[in-house]
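Only one structure is covered here, and it is reproduced in the block below.
The values are calculated or read from the model by the stated rules, or taken from the named source; none is laboratory data. Note that the coordinates shown come from a computational prediction; the quantities given were computed from them, not determined experimentally. Because the Cβ atoms are built from the backbone with ideal geometry, glycine has one as well, and the counts that use them run over all protein chains shown.
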């Protein structure tokens, strides 16, 4: 017998799990996940930080609005963030600081002396940077588990190993079919991450050109070991970032290679580029490459997330295109999306957010 729901959410990573938790107290929710376990792809491969400047000014309102929930829930641990540059990068660093200070971010310009004190072994070319003390590590596993548990307590039905094979109209609603099961609901939410456009096409909606981009991560054992209080450090030209974790260094070449939706693996060239970038930044020795992995970060063409009903496909709701900022924005994004989906009033968390920035209608209007 096919079960009947009010809302069917496709994808149980951070996006789908957080939205299910927000919706479940008010509706009967089906959460469908194609893998053996929720969060296998992007959520489980995140570098795990909350940084107000990450994602740019258009993402900042969502990050800022999520901060209190994450802090009060105990999901954040102090880290601090640096964006570092060489002499030729001074104007770029100054502009970066000015743009985010104007938004209310606690950030300041710093010079060589402070940089060298925060990053032992920093090579001499790096002489200018920004410091944002409020940046924090996120306990991604705990946050994702919280949302899954909250939605389960409120009655959400989770189906794993349930890769969607068919989405079809049935009267005023939808029928979703997967291997060994099916469900019906008047509303379908596309929280499928890298698979978002494929899900849309399956439902008869136009794809929004949400593109999966491969991001490489490497775990290194260095000599010396990274200080536990080392800030999250970005190159101002967006060509590397690193941070400590459990006595090791997490490093990325900040790559964004277009890819297709699949269980992505790192390329050896990207690992080598990451190590080269680190060696250009600090004089530490690489004692061992202990792990390497890759994840897919999916972006809409304007690099802003997509939240809202599809203007041309009734009952089809987008919750996708959340790039590398989907975890740090999860609380506000899920709250806003649930309010749009259920027709509820805004609350203190979402009152200042302009939903039109993130609406799928912006792509139809621009052609």
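For the reader, a short list of remarks on this structure follows.
- Residue in region 230-250 that is surrounded by the most Cβ atoms within 10 Å (Cβ to Cβ), counting only those that are touching a residue at least 12 places away in the same chain (Cβ under 8 Å) and part of a loop (DSSP other than H, G, I, E, B): 231
- Residue match in region 62-74 (condition: in contact (Cβ under 8 Å) with a residue 12 or more places away in the chain, buried (at least 20 other Cβ atoms within 10 Å of the Cβ) and either assigned by TED's automatic domain parsing to the domain that holds residue 18 or not in a helix (DSSP H, G or I) (or both)): no
- Residue 87 surrounded by fewer than 22 Cβ atoms within 10 Å (Cβ to Cβ) and without any contact (Cβ under 8 Å) to a residue 12 or more places away in the chain: no
- Here is the figure for region 178-220: residues that are more than 18 Å from the chain's Cα centre (by Cα), in a strand (DSSP E or B) and not assigned by TED's automatic domain parsing to the domain that holds residue 254 total 8.
- Single unsatisfied condition, residue 279 versus (1) touching a strand residue (DSSP E or B) at 6+ places or on another chain (Cβ under 7 Å); (2) outside the structural domain of residue 198 (by TED's automatic domain parsing): (1)
- Filter result for the condition that a residue is under 30 Å from residue 169 (Cα atoms), touching a residue at least 12 places away in the same chain (Cβ under 8 Å) and in contact with a strand residue (DSSP E or B) (Cβ under 6 Å, 6 or more places away or on another chain), over 312, 334, 261: 261
- Matching option when the condition is surrounded by 20 or more Cβ atoms within 10 Å (Cβ to Cβ), modelled with pLDDT of 95 or more, under 25 Å from residue 340 (Cα atoms) and not assigned by TED's automatic domain parsing to the domain that holds residue 292, among 22, 51: 22
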